[in-house]
Amino acid sequence: MDLQKHYQQLYLNAVEAIKKDEYSIDDAIGDPADQRLGLTLIIRPSHKVVARIKQILAALSIAAPGQYIYPDTAIHITALSIINCYTGFRSEAISLPDYIALIEESLQEINAFDMQFKGITAANTGVMLQGYPGSPSLEDWRNKLRSIFRHADLEQSIDKRYIIQTAHATVMRFRKPLENKAALLACLQHFEDYDFGTFKVKEAVLVVNDWYHTAAKTKELAKFSF
């Protein structure tokens with residue numbers, strides 16, 4: 001996949017959706033009745049990159065007040081969603097050692113790789129950072145995970161919603177009508193090509209998480225080194 005072209009098309013589509021008030025509002029954000037949980041492998045950016053990401057988080061909070069801005073501690077790339085969030089999932093009900101063993105198996109011959117966050121893209125649901133892997137390692141790892149879990153007798157819903165191919169990180173979601181569309185569009189334009197930095201991906205984390213990876217509902221289960 002040509003990531004740059006893909007991100008650009010997403011961005012152009014999202015700008016039109018915002019201009020026409022056709023963006024999608026997520027009413028479940030902050031709803032205490034939302035009990036959806038899942039199992040996800042994530043990659044977290046370095047502290048140095050997070051420090052630069054904070055600039056867009058602050059700018060979005062001004063340009064789009066009232067929208068859901070991800071806290072910097074929740075910024076991540078989804079390596080793979082192993083069990084999509086649903087009501088009733090409990091990590092205590094799965095055999096965690098079996099999942100860990102399969103993930104460790106998948107990492108054989110997968111090396112550490114660079115990841116660059118450069119520019120932003122968007123969707124009708126929110127705003128994302130554009131992630132660019134510096135090698136095929138992420139794609140190779142995802143494919144190995146798919147193959148291994150496909151042949152395992154474990155609960156999983158990999159690729160059931162969609163096949164993840166990008167390396168984006170969500171930073172904002174719409175949860176109410178925009179007060180000032182022009183301000184948000186100007187903010188997006190400002191960060192369209194902004195270089196948030198590059199970091200070495202040496203570790204991934206298996207977490208139980210809610211849909212928004214909020215701190216109160218996210219629990220680290222295991223860490224894996226490349």
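The values are calculated or read from the model by the stated rules, or taken from the named source; none is laboratory data. What you are looking at is a predicted structure, and each value in this text was computed from that prediction instead of being measured. So basically every Cβ, Gly included, is an ideal-geometry build from the backbone, and we count neighbours across all protein chains shown. Quick note on the areas: whole protein, heavy atoms, side chains included, nothing else; ligands and nucleic acids left out. Shrake-Rupley method; radii C 1.70, N 1.55, O 1.52, S 1.80 Å.
Excluding ligands, DNA and RNA, what is the solvent-accessible area per residue of the chain at a probe of 1.4 Å, expressed in Å²?
Numbers: 11230 Å² over 226 residues.
Heavy-atom SASA per residue in the chain reads 50 Å².
Given the rule -39500 (n - 2.57) for each run of at least 4 DSSP H residues, summed and divided by the residues of the chain, what is its mean residue ellipticity at 222 nm, to the nearest 500 deg cm²/dmol? Please report the intermediate quantities before stating the final value.
On the way: 5 runs with 69 residues, N = 226.
Estimated from H runs of four or more residues: -10000 deg cm²/dmol.
Between the helical axis of 181-190 and the dominant principal axis of the chain, each derived from Cα atoms, what acute angle in degrees is found, rounded to the nearest 10?
60 degrees
Stokes-Einstein D for the stretch 1-91 at 4 °C, 1.567 mPa s, Kirkwood Rh over Cα pairs, in µm²/s?
Once the numbers are plugged in, D ends up at 81 µm²/s.
Looking at the stretch 101-142, which GluC sites (Glu not before Pro) are in a loop (DSSP not H, G, I, E or B) and have at most 12 other Cβ atoms within 10 Å?
Values: sites: 104, 105, 109, 139; in loops: 109.
Of the GluC sites (Glu not before Pro), the ones in loops of the stretch 101-142 whose Cβ has at most 12 other Cβ atoms within 10 Å are 109.
State the answer as a single residue: which of 81, 25, 37 lies farthest towards the positive end of the charge dipole of the stretch 18-126, with beta carbon charges of +1 for Lys and Arg and -1 for Asp and Glu, about the Cα centre.
25
So who's got an amide H within less than 5 Å of the one on residue 113, skipping anything under 5 residues away but keeping other chains? H placed 1.01 Å off N, in plane.
Those lying under 5 Å, H to H, from residue 113 are 201.
Angle between the Cα long axis of helix 96-106 and the longest principal axis of the chain, 0 to 90 degrees, nearest 10?
80 degrees
Using a 1.4 Å probe on the protein heavy atoms, what percent of the accessible area of the chain belongs to carbon and sulfur?
Values: 5450 of 11230 Å².
Solvent-exposed carbon and sulfur of the chain make up 49 percent of the total.
Give the angle, between 0 and 90 degrees and rounded to the nearest 10, that separates the Cα long axis of helix 47-63 from the longest principal axis of the Cα atoms of the chain.
40 degrees
Could you pull out every one of the lysines with an alpha carbon less than 19 Å from that of residue 181, ignoring same-chain neighbours closer than 8 positions?
Partners within reach: 19, 20.
Enter the Cα centre distance for the pair the stretch 125-177 and the stretch 40-89, rounded to the nearest angstrom.
14 Å
The stretch 120-183: which trypsin sites (Lys or Arg not before Pro) are DSSP loop and have at most 14 other beta-carbon atoms within 10 angstrom? Don't jump to the answer; show the numbers that get you there.
Working: sites: 142, 144, 146, 150, 160, 161, 173, 175, 181; in loops: 160, 161, 175.
Listed in order of number, the matching sites are 160, 161.
DSSP loop (so not H, G, I, E, B), at most 15 other Cβ within 10 Å: list which chymotrypsin sites (Phe, Trp or Tyr not before Pro) in the stretch 79-116 pass both filters. If you can, show how the numbers build up before the last one.
Values: sites: 86, 89, 99, 113; in loops: 89.
Qualifying residues, ordered by number: none.
What does the convex hull of the Cα atoms come to per residue for the stretch 111-226, in Å³?
Details: hull volume 15.6 nm³, N = 116.
Per residue, the Cα convex hull of the stretch 111-226 comes to 134 Å³.
Order 193, 114, 210 by their accessible area, 1.4 angstrom probe, all chains in place, largest first.
Details: 193 115, 114 65, 210 10 Å².
Listed by decreasing accessible area, they come as 193, 114, 210.
Give the share of C-alpha pairs in each 10 angstrom bin for the stretch 16-161, from 0 to the last occupied bin, in whole percents, shortest bins first.
In order of increasing distance, the bins hold 9, 31, 34, 22, 4 percent.
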